[in-house]
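The values are calculated or read from the model by the stated rules, or taken from the named source; none is laboratory data. These numbers come from a predicted model, not from an experiment. Here Cβ is always computed from backbone atoms with ideal geometry, including for glycine, and neighbour counts include all displayed protein chains.
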Amino acid sequence: MKRMSDPTEHGVAGELSRDAQRGAWYAPLGRLLVAVARWVGAVVGPNLALIISLAIGMGLVVGLAALAEEVYDAVIEADGLAGLDRPLLDLAVDLRTPVGDTIVTGYTDLASSTVMPVIAIIALLTISIRRRSWTPAILIAATGIGSILMTIVGKGLIGRARPLLAEAVPPYETSGSFPSGHTLNAVAVVGIIAYLLVLRRETTRARLLITAGAAVFSITIGLSRVYLGHHWFTDVVAAWLLGAAWLALVITAHRLYLALRERERERRGSRETRAAASASR
């Protein structure tokens, strides 16, 4: 097993020897995506290929954002998923206890706008320093900023009211209810950190544990928002969808980056081989 002191673990060399080779955990779609990205890069060049990949990823985000809008329409019309909002809030109120309220409040704060940035900064510094690469810092920072922007824009555009304060657990929140920012942060930010960690894990068990841990965290953060009466269930569903869409976009951009890095290395190797052959004549 390689150690972190091995130069092949650091920088671009580490990305090509480790990250670019990891894909089986979401195969065959991941391998197909990388193959297409490399083909597109060969045809139109790396810069335009990057623009195309971002456009595809943004299309995914727009599509899921439209689905979130449909969820909101269901809220207005009081059908579909919206039919679960009131029963689930009533159930949450019935399940509350003083001890439970304290525990869940502390837990949900892990995904707040004050704690989650600290987690993200610690993760990006730790991973970037250990791997001697700016790539993890860029990915985590971009994911966090995108999550915050989607939350701000979504709340501003829809302006849905939260459940009544009488049905919520303090401390109370006054911003818009749709979508749940805590849930979106949990899906996107913790998701990208888990993705980066999975890339360097050697065993299937470790990769599955990390992936499962991130999924459980995202799901339970969303449910905690309903339990505390800070969001309706449909706010959480929208955040799950939007967070997954943004995470997919960032991962897509990273896979393309790795594919183009590999092609760049192959071309450089070919040039060096030809130069060596010419020099030996």
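Just wondering, is there one or more residues in the range 217-232 that are on the phi > 0 side of the Ramachandran plot and surrounded by 20 or more Cβ atoms within 10 Å (Cβ to Cβ)? Break it down into steps so the answer makes sense when it comes.
Of the residues in the range 217-232, the ones on the phi > 0 side of the Ramachandran plot are 229.
Still in the running and surrounded by 20 or more Cβ atoms within 10 Å (Cβ to Cβ): 229.
Yes, the range 217-232 contains a residue that is on the phi > 0 side of the Ramachandran plot and surrounded by 20 or more Cβ atoms within 10 Å (Cβ to Cβ).
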Taking the range 154-185 as the region of interest, how many residues are surrounded by 12 or more Cβ atoms within 10 Å (Cβ to Cβ) and assigned to a loop (DSSP other than H, G, I, E, B)? 12
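Name every residue in the range 182-204 that is among the β-branched types (Val, Ile, Thr) and either under 24 Å from Met150 (Cβ atoms) or touching a Pro at 6+ places or on another chain (Cβ under 7 Å) (or both), in order of residue number.
We begin by selecting, within the range 182-204, every residue among the β-branched types (Val, Ile, Thr); these are 183, 187, 189-190, 192-193, 198, 203-204.
Across the range 182-204, the qualifying residues are Thr183, Val187, Val189, Val190, Ile192, Ile193, Val198.
Kindly indicate whether Ala212 is surrounded by fewer than 17 Cβ atoms within 10 Å (Cβ to Cβ), on the phi < 0 side of the Ramachandran plot and not in a loop (DSSP other than H, G, I, E, B). Outline the logic, then answer.
On the way: surrounded by fewer than 17 Cβ atoms within 10 Å (Cβ to Cβ): yes; on the phi < 0 side of the Ramachandran plot: yes; not in a loop (DSSP other than H, G, I, E, B): yes.
So Ala212 passes the test.
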For Pro171, indicate whether it is at pLDDT below 90, out of contact with any helix residue (DSSP H, G or I) (no Cβ under 6 Å at 6 or more places or on another chain) and not small (Gly, Ala, Ser). yes
Checking Ile148 against (1) touching a residue at least 40 places away in the same chain (Cβ under 8 Å); (2) buried (at least 17 other Cβ atoms within 10 Å of the Cβ); (3) over 24 Å from Leu91 (Cβ atoms): exactly one of these is not met. Which one? (1)
